[in-house]
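The values are calculated or read from the model by the stated rules, or taken from the named source; none is laboratory data. Not measured: the values here are computed from a predicted model. Reconstructed Cβ throughout: ideal geometry from the backbone, glycine too, with neighbour counts over all protein chains shown.
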Amino acid sequence: MSDKSIKTGEIKIIVKKVLIEGCGAIILTGPSSCGKGEIAKELRKFLSISKAHHLSMGDILRMTIQKARDDEFFRDNLALNHNIDYKISVFDRMKNDTDLNLKVEKHKDELIDYYEDKQMISQLDWLEFCVSHGLLIPDEWTVNIINATFESSKAFQSQIFILDGYPRTVEAAKALIDTFVRFDIPIIEVIHLSITKEEMIKRALGRNRMDDDQESLERRYQFYVENVQPSIDYLKQHLGTSKVTLIDAHQPVYKTNGEIDVKKSIGEVVKSVAKSLGLPSYLIDM
């Protein structure tokens, strides 16, 4: 009778998806061109957060404008409770503050051309004009829009979401804390993505956008130093140092030909962010 050998079996465990549960905000902040949007996108996919729960300030502004156009109740609420009115002319100097009057006057001809057939150009129209032309929105308006967003979307009060690129000033940071307290939204972590001014300028110039010239990029970095950095310091002081993590947003991975592998480089930053959120290494490295 011959011996028969039995092969030793092995089990290979494959984790295909990380699914997180809970509620609260993961805040991504940092200088212009540090990759907030791309990093937020990959982090969202990695953590299985829905696309609707990745909020960038640009997305919030566009969503607010569209919702105000489509939803009469939301439009009235925006006017009555948040001082962005579709019935008040942006050229009414008595009903708009001095800063707004000055900005509107500066862009008056462009604004009239943009709304060429419109009899009355409202504050809501001005918001739309600013978003489409890349102009800064007043702090008061961004705070009001953030409040309106969380008022109208209860899901943000019960699920995890990513807030990308906000706050950008100390006043906005204070108002955001007040908003989160009001709606009982916890802050999971503030991720401060950091790059040097030289790297920021290099990345921005590589995008070939019309408004990315050396002078404007210098101004943007100065805005970061004078406004965004102090807002991060405020959050650190208010939340505690353990709730704010500095992450190097420049972690290049190179291809064999010496070029940067953008996707893998973003992946390295996302791993660092995931680690800061307390994910175990075996999930991060899979």
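Things to note:
- Selection over the stretch 244-270 of residues that are assigned to a helix (DSSP H, G or I), surrounded by 15 or more Cβ atoms within 10 Å (Cβ to Cβ), touching a Lys or Arg at 6+ places or on another chain (Cβ under 9 Å) and of a type outside the set (A, V, I, L, M, F, W, C) gives a count of 0.
- Residue that is modelled with the lowest pLDDT [pool: residues in the stretch 75-85 that are of a type outside the set (S, T, N, Q) and surrounded by fewer than 17 Cβ atoms within 10 Å (Cβ to Cβ)]: Leu80
- Test: residue in the stretch 217-235 that is touching a Cys at 6+ places or on another chain (Cβ under 9 Å), charged (D, E, K, R) and farther than 22 Å from Gly24 by Cα: no
- Where a residue in the stretch 95-117 is over 18 Å from Asp85 (Cβ atoms) and its partner, wherever it lies, is β-branched (Val, Ile, Thr) and surrounded by fewer than 16 Cβ atoms within 10 Å (Cβ to Cβ), with Cβ under 6 Å and at least six apart: none
- Residue match in the stretch 159-176 (condition: more than 18 Å from the chain's Cα centre (by Cα) and not basic (Lys, Arg)): no
- Residues in the stretch 181-203 that are touching a Gly at 6+ places or on another chain (Cβ under 9 Å), surrounded by 14 or more Cβ atoms within 10 Å (Cβ to Cβ) and closer than 23 Å to Ser276 by Cα: Ile185, Ile187, Ile188, Glu189, Ile191, His192, Leu193, Ser194, Ile195.
- Members of the stretch 174-196 found to be of a type in the set (D, E, K, R) and assigned to a helix (DSSP H, G or I), listed by number: Lys174, Asp178, Arg182
- Check on Ser231, surrounded by 11 or more Cβ atoms within 10 Å (Cβ to Cβ), modelled with pLDDT of 95 or more, of a type in the set (S, T, N, Q) and assigned to a helix (DSSP H, G or I): yes
- Inter-residue pairs, beta-carbon under 9 Å, first among the acidic types (Asp, Glu) and in the stretch 1-24, second assigned to a loop (DSSP other than H, G, I, E, B) and at pLDDT 75 or above, 6+ apart: Glu21/Gln159
- Some residue of the stretch 197-209 being more than 30 Å from Gly267 (Cα to Cα), of a type outside the set (Lys, Arg) and assigned to a helix (DSSP H, G or I): no
- Taken residue by residue, the stretch 119-128 has no member that is modelled with pLDDT under 90 and within 28 Å of Asp212 (Cβ to Cβ).
- Per-region count, the stretch 204-226, residues within 18 Å of the chain's Cα centre (by Cα) and crowded, with 17+ Cβ neighbours inside 10 Å: 4
- Flag if Ile39 is modelled with pLDDT of 90 or more, in contact with a helix residue (DSSP H, G or I) (Cβ under 8 Å, 6 or more places away or on another chain), among the aliphatic types (A, V, I, L, M) and closer than 30 Å to Leu235 by Cα: yes
- Considering the stretch 118-129, the residues that are buried (at least 17 other Cβ atoms within 10 Å of the Cβ) and in contact (Cβ under 8 Å) with a residue 24 or more places away in the chain include one that is farthest from the chain's Cα centre (by Cα), namely Ile121.
- Options Leu111, Leu102; residue that is aliphatic (A, V, I, L, M) and either surrounded by fewer than 16 Cβ atoms within 10 Å (Cβ to Cβ) or modelled with pLDDT under 90 (or both): Leu102
- Any helices (runs of 4 or more DSSP H) falling wholly within the stretch 61-173 and containing at least 3 residues that are under 19 Å from Ile187 (Cα atoms) and in contact with a strand residue (DSSP E or B) (Cβ under 9 Å, 6 or more places away or on another chain): none
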